[in-house]
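Scroll down for the structure; my scribbles are underneath it.
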Amino acid sequence: MIDTAKRRIEIIKYLCKCRTSTVEQLAFEFKVSTRTTRRDLLLLSLKHPVEIKQGNGGGVCVMEGYRLGMVYLKETQVDVLKKN
């Protein structure tokens, strides 16, 4: 059994690779309940651009172009860096 922190890292890695999935698929893949998966996704969405869409055609996705480990700066931050 994988610990919680490692599982969450693996979930975001999986989403970065696959781009989209479902809560049920993630729960199956990581051998946890859908409730645990939803809790993991909620916490992941606080740090990563993860979106959960409800209803028909819904699922779990990560923002297009997002890659784990890349540094993303705000436009004002980029301007400051360019000035130096």
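Below, the figures for the structure above:
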{"read-out": "Using alpha carbons only: equivalent-ellipsoid semi-axes of region 34-77, gyration tensor based, whole Å", "value": "24, 13, 9"}
{"read-out": "Helical contribution to [θ] at 222 nm, DSSP H n ≥ 4, -39,500 (n - 2.57), averaged over the chain, rounded to 500", "value": "-15000 deg cm²/dmol"}
{"read-out": "Pairs of Cα atoms farther than 21 Å apart, the chain, %", "value": "34 percent"}
{"read-out": "The chain, accessible surface, carbon-and-sulfur percent (1.4 angstrom probe)", "value": "55 percent"}
{"read-out": "In the chain, lysine pairs closer than 26 Å at Cα, eight or more apart or cross-chain", "value": "19"}
{"read-out": "Mean accessible surface per residue for the chain, computed with a 1.4 Å probe while every protein chain stays in place, in Å²", "value": "76 Å²"}
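The values are calculated or read from the model by the stated rules, or taken from the named source; none is laboratory data. The model shown is predicted, which means the values in this text are computed figures rather than measured ones. Surface accessibility is based on the protein's heavy atoms, side chains included, excluding ligands, DNA and RNA. Shrake-Rupley method; radii C 1.70, N 1.55, O 1.52, S 1.80 Å.
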